[in-house]
1. Going toward the positive end of the dipole of region 132-186, with +1 on Lys and Arg Cβ and -1 on Asp and Glu Cβ, which of TYR184, ASN162, SER137 do you reach last?
2. Run the 1.4 Å probe and let me know the accessible area of GLU264, rounded to the nearest 10 Å².
3. Please give the Cα centre distance for region 166-211 versus region 125-152, rounded to the nearest Å.
4. Leaving out ligands, DNA and RNA, and with a 1.4 Å probe, what % of the accessible surface on region 73-188 is carbon or sulfur?
5. Can you put ARG265, ARG205 in order of accessible area, largest first, using a 1.4 Å probe?
6. Quick check on region 182-278: take the gyration tensor over C-alpha atoms, sort the square-rooted eigenvalues as a ≥ b ≥ c, and tell me if it's rounded (a/c under 1.5), prolate or oblate.
7. Reported to two decimal places, what Rg/Rh ratio describes the chain when computed on Cα atoms with Rh from the Kirkwood expression?
8. Under 16 Å between alpha carbons, and skipping anything fewer than 8 positions from LYS236 in its own chain: which lysines qualify?
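The values are calculated or read from the model by the stated rules, or taken from the named source; none is laboratory data. Quick caveat: nothing in here was measured; it's all calculated off a predicted structure. Glycine also receives a Cβ, built like all others from the backbone with ideal geometry; neighbour counts cover every protein chain displayed. In case anyone asks, the SASA skips ligands and DNA or RNA and just uses the protein heavy atoms, side chains included. Shrake-Rupley method; radii C 1.70, N 1.55, O 1.52, S 1.80 Å.
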Amino acid sequence: MANVIIEDLARALKVFENPKFMVTKDSNDEPNVALVMSWDVYEKDRLVYGDFMTYKTRKNLEAGNIKMSILVMTLDLDNWLIKADFESFHRNDEYYEFMAMTPLFRYSQYTNARAAGVADAVWASNNLRICKLPILSSYLKAKRARSKVRVSPTEEGNLPLNVRKRFDMMAAVKVLAFIDDDGYPVAMPCMGMVSAAPNALVVNRGEEKRRGYSLKDGQHVAVLLVTMEPQVFQVKGTFRIIDDNSAYIQLDSVYACSLPRPGERIDVSPLKRVEVLK
């Protein structure tokens, strides 16, 4: 049987600098997406990563939600989606030692993997490279579609001004995650996305159609934003269809995903934040 992980994809996984977006789901089929750069090929279709700074991702996997995916991108915007079944976390064995020798953990005195997470790839897409002209086109179409979005003010799900400005940058990487029809949480690049209100993002659906997806009105989604600084933020909300070309996401929560506050909600006041965590 041919390997799921073909040579070009294996080579992209092995480059530490290439972004890898890990998608999991909780027991209520709510998607979660995290930037996890340490994914690598252990052998054939067995993959491994160093668990370092994740919280919700780890919680989802430890709860037995083993279906997951990895969106692998290169700096030239080649990209592949891998669907995989999570096996388990490993400590003090050959998987952990393999991960300890990778660039993130081997050369830094400040980072140390809590465990090595192991998964088996069950399917991988072809290379779905994104060209610069379609990125510009989808971005401009999203900006034009802002006027079609109608949302009411809400207490939660509002983007802080600095995060909203970053969502409006064309150069930022935006990844949209959701649950596919087969139950696997998946993700796709979604550069054609800008803010339409403090609590809404408008989305051009061109990349969704190109990849053969058909998101449903009312479906819950997650979006990861990665900027050049780098700063990482995740938002979650409900996908609302405007027409065949446009949709918007009604946001219900916003999280910081990078130091110094990884995993912290930033759309509510500190007092409200304590109540949400209870």
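1. It is SER137, whose Cα lies furthest towards the positive end.
2. In the full protein context, GLU264 sits at about 50 Å².
3. Centre-to-centre distance over Cα atoms comes out at 8 Å.
4. That share works out to 53 percent.
5. My answer, sorted largest first, is ARG265, ARG205.
6. prolate
7. Result for the chain is an Rg/Rh of 0.95.
8. Leaving aside lysines fewer than 8 places away in the same chain, those within reach of LYS236 are LYS25, LYS56, LYS174, LYS216.
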